[in-house]
1. What residue, among those in segment 168-184 that are open to solvent by less than 50 Å² (accessible area, probe 1.4 Å) and either β-branched (Val, Ile, Thr) or touching a Ser or Thr at 6+ places or on another chain (Cβ under 8 Å) (or both), is modelled with the lowest pLDDT?
2. Kindly indicate the residue of segment 185-217 that is charged (D, E, K, R) and buried (at least 19 other Cβ atoms within 10 Å of the Cβ) and also farthest from residue 137 (Cα to Cα) among those meeting that condition.
3. Go through segment 159-184 residue by residue and tally those that are over 18 Å from residue 143 (Cα atoms) and either β-branched (Val, Ile, Thr) or part of a helix (DSSP H, G or I) (or both).
4. Go over the candidates 281, 257, 248 one by one and state the one that is open to solvent by 30 Å² or more (accessible area, probe 1.4 Å), within 22 Å of residue 138 (Cβ to Cβ) and either not β-branched (Val, Ile, Thr) or not in a helix (DSSP H, G or I) (or both).
5. Taking into account only those residues within segment 124-138 that are touching a strand residue (DSSP E or B) at 6+ places or on another chain (Cβ under 8 Å) and not hydroxyl-bearing (Ser, Thr, Tyr), which is farthest from residue 255 (Cα to Cα)?
6. What is the residue count in segment 96-116 for residues that are under 16 Å from residue 72 (Cβ atoms) and not hydroxyl-bearing (Ser, Thr, Tyr)?
7. Does segment 85-124 hold any residues that are in a strand (DSSP E or B) and of a type in the set (A, V, I, L, M), and which are they?
8. Does any residue of segment 250-261 turn out to be modelled with pLDDT under 90, polar (S, T, N, Q), under 19 Å from the mean Cα position of the chain (by Cα) and closer than 28 Å to residue 167 by Cα?
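The values are calculated or read from the model by the stated rules, or taken from the named source; none is laboratory data. Here the structure is a predicted model, which is why all the values come from computation and not from measurement. Cβ coordinates were reconstructed from backbone atoms using ideal geometry, including for glycine residues, and neighbour counts include every protein chain displayed. Please note that ligands, DNA and RNA were not included when accessible areas were found on the heavy atoms of the full protein model with its side chains. Shrake-Rupley method; radii C 1.70, N 1.55, O 1.52, S 1.80 Å.
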Amino acid sequence: MATSALDNANDTMDFGTTEKAARNDSDSRRSDAMNSNPDKVARGRQPVLSAKKLSIGYRRAEPVVRDICVEFPLPTEGTQPSRTNTKSTVLGFVGPNGAGKTTLLKTCLGLLPPIGGELRILGADTRKASFAKTRKRLAYIPQNRPEGSSGQLRISVREAVSFGRLGKCGLTGRLTHADREAVEAAIAYCGLEDLADTAVQDLSGGQFQRVSIARAMAAEPALYLFDEPGSFLDQEGQTAMRTLILSLADSGIPLILVTHDRALIALCHSLLFFDKGTARLLDAAAFLADAKGTEV
């Protein structure tokens, strides 16, 4: 299940609504879900990700990747994304398995400290205690799938999405009217209205990942971080997931994607390519052209 703030806790998918009024209402709620995010303006004046001489890995072990120097988006790309340039907010992590992509993602989330150098996310240094505030603005969607209902507390889709609001509920932990509106907007945006009362354990893999995204959306994050979205899905599920991620990119909220999926790589403006203990920034279109006919 997706987490925002690590347990402190978007073109829209059309599921065949037949009434025009219902479609218009759903579209309005989806738009409200994106436009209500107060971080959209503030984040445009600082890099999403900035690394200087960054080395990453695990304690008491050699670094997995050394000397990462990157800034995304580049200052010349402007301060505000537009609907005609949504790729400027999407960064992909690509490269062989075990090359350090997920390790860097975990470092971005503050789960792993940098071994050396500096990493800033949304302008905040991940090594400092003050990064805890920034971490609450991050939405992490790991690669996962339903594990069945055995031994698990059965909760509905609506309840699961509501967990995304926990970081905004204060000491009482009670959802306000605004919280409930945010939950319903996220459910509508991800096309889950007909499944809102279904137990998450009874969902397909694709439905489960849409719940993960809805939960992240409900938290109104400033940055989404996906670890290989759609990894366990069939072709239909992967297509639906790509459509939803494209919609999120259209919103202008930055995304970081760890992926081997060419269709998702094509959504990216730039790629951080990991190989043989190094990582360098590449143009996504050029990378795909060079890698034609080979695995990515």
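1. Per the stated criteria, the residue is 169.
2. Filtering segment 185-217 for residues charged (D, E, K, R) gives 193-194, 197, 202, 210, 215.
Filter once more, keeping what is buried (at least 19 other Cβ atoms within 10 Å of the Cβ): 210, 215.
Values: 210: 19, 215: 13 Å.
Result: 210.
3. Going through segment 159-184, the residues over 18 Å from residue 143 (Cα atoms) turn out to be 159, 162-163, 165-184.
Next cut, either β-branched (Val, Ile, Thr) or part of a helix (DSSP H, G or I) (or both) only: 159, 162-163, 165-168, 172, 176-184.
Number of matching residues: 17.
4. Exactly one residue qualifies, and that residue is 281.
5. Applying the first criterion (touching a strand residue (DSSP E or B) at 6+ places or on another chain (Cβ under 8 Å)) to segment 124-138 yields 125-127, 130-131, 133-134, 136-138.
Next, only the ones that are not hydroxyl-bearing (Ser, Thr, Tyr) stay: 125, 127, 131, 133, 136-138.
Working: 125: 19, 127: 22, 131: 19, 133: 19, 136: 16, 137: 13, 138: 10 Å.
Among those residues, the one meeting the criterion is 127.
6. Looking only at segment 96-116, we keep the residues that are under 16 Å from residue 72 (Cβ atoms), and these are 101, 104-105, 107-108.
If we keep only those that are not hydroxyl-bearing (Ser, Thr, Tyr) too, we end up with 101, 104-105, 108.
Here the count works out to 4.
7. The answer is 90, 91, 94, 119, 121, 124.
8. Checked against the condition, which is being modelled with pLDDT under 90, polar (S, T, N, Q), under 19 Å from the mean Cα position of the chain (by Cα) and closer than 28 Å to residue 167 by Cα, segment 250-261 yields at least one hit.
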